[in-house]
Each structure stands twice: as structure tokens, then as C-alpha cells.
């Protein structure tokens, strides 16, 4: 059974720091991996999707990498801002159907 | 473009009552999903529908039923609500895997409390 783990569970940093969120998964047979952002009381917003054949994807200050063979993905956030404070969720699409989610990393960026 | 719309946004029920959560998408997506989100458990799949006319169980289907009414709408029904079903429910949709990118789009959620 696929399991997705995110470390750390919570992270607090001062504004301007570069940071890395980690995601690991137990079964490397995935179609893609997706990173989401969730603000308190809100739904999920897709940030980046990496196909199984890709190594990384970039959007603005965000960069996500995928090492399928080792079962790892990282989300790199450059020059963090207070507006980046949210919970970040990693999810893998294994069978082409639904997503399997990690429990998330809650990020707090202080000004 | 509304995306994925869920109704209601909030609901309080008594144990044993029934209700239906509604979900509609306007992106012409084939696949639709229902997840529940609980503290410390993350999001877990309840049911999904890969295409109009088909539905399949996910990880936690007990106590729920679903209907894929048409391509746009996918409803989730609680026949006899239990306190363990207190949760935040999210509906999502996705186009074909060959779409670029095949992203899942989520609604804003229904916050359900069962007393």
C-alpha cells in the first residue's frame, strides 16, 4: 500500500529565507506527483505537478523536484514571504485515478 | 470560470439524519472524487467516478453512497449520519491523464458536524 510522508510536520522561518519541504513515498510506480497549498479553512490549490518522466518543475519562486527511484520529492521555496504561510500537501497519483496524500507541512513565515 | 463548486459550505446534523453533499464542475472533466480531511489523518478518498456512469470505492467508503448524475455533477450521500463522519469534505475533478498538466482541481469544502 502506497504511503506518503511529509517532513517536517511544521516549520517556522523568518521572512527571506530559502526553505525545503520534503515528501517521500513508498512505491515508486507513480504516474505523477502534485504539490498543493491549503490556507486555513480553504480548499486545495495546485502549485506544481511533476510527471513520472520529469525531474523537476518550476513556477515563480517555487521549484519541485522528483527522484522516483528513491521515492522522494522536494519543494523549494525561495525568498520566503509571510504570504507563503500555509499548509503544503504532497500527493502521488499511483493508479491513474485518485491521489494519495501526505499529512502536510504547516509553514509559518514571520515578518 | 467557477471550477468546482460544493454546497453547502457548512452543515450541522444530528446522529441518524441523512443529507446529500452536492458537487458540480464546469471544466468538462471526466473524473470526479470525494475526499474527507480529518486532523492528523490527511485527505482520504471516499469514492471516485472515472467517467459518467461509473463509480468506485476509495479508502473509506463505509457509511456513504455516491451518484454521478451527469458529467458535471457528483453527489455524496450520508444515509444515517454518525459522529465519526464529522469532517471536512472535498470534491475534486480532473481531466484526462494526457492533459497537460492532469491536475486535480478542488472545491472549497463542506464542513460537516454531526452531534
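The values are calculated or read from the model by the stated rules, or taken from the named source; none is laboratory data. Everything numeric here is computed off the predicted structure, so don't read it as measured data. As a convention, Cβ positions derive from the backbone with ideal geometry for all residues, glycine included, and neighbour counts pool all protein chains shown.
Scanning segment A:45-69 for residues that are out of contact with any strand residue (DSSP E or B) (no Cβ under 8 Å at 6 or more places or on another chain) and either on the phi > 0 side of the Ramachandran plot or away from chain B (no Cβ under 14 Å) (or both) gives A:60, A:68, A:69.
Being more than 28 Å from residue A:35 (Cβ to Cβ) and surrounded by 13 or more Cβ atoms within 10 Å (Cβ to Cβ) is the requirement here; does residue B:49 meet it? In short, no. Scanning segment A:85-111 for residues that are over 14 Å from the mean Cα position of the chain (by Cα) and under 22 Å from residue A:1 (Cα atoms) returns A:94, A:95, A:96, A:97, A:98.
When only residues in segment B:1-33 that are surrounded by fewer than 13 Cβ atoms within 10 Å (Cβ to Cβ) and farther than 25 Å from residue B:83 by Cα count, which is modelled with the highest pLDDT? Ranking the candidates gives B:26 first. Assigned to a loop (DSSP other than H, G, I, E, B) and surrounded by 20 or more Cβ atoms within 10 Å (Cβ to Cβ) - does that describe any residue in segment A:21-37? Within segment A:21-37, one or more residues are assigned to a loop (DSSP other than H, G, I, E, B) and surrounded by 20 or more Cβ atoms within 10 Å (Cβ to Cβ). The residues on offer are B:36, B:94, B:44, and the sole one that is touching a helix residue (DSSP H, G or I) at 6+ places or on another chain (Cβ under 9 Å), within 12 Å of chain A (Cβ to nearest Cβ) and surrounded by 14 or more Cβ atoms within 10 Å (Cβ to Cβ) is B:36.
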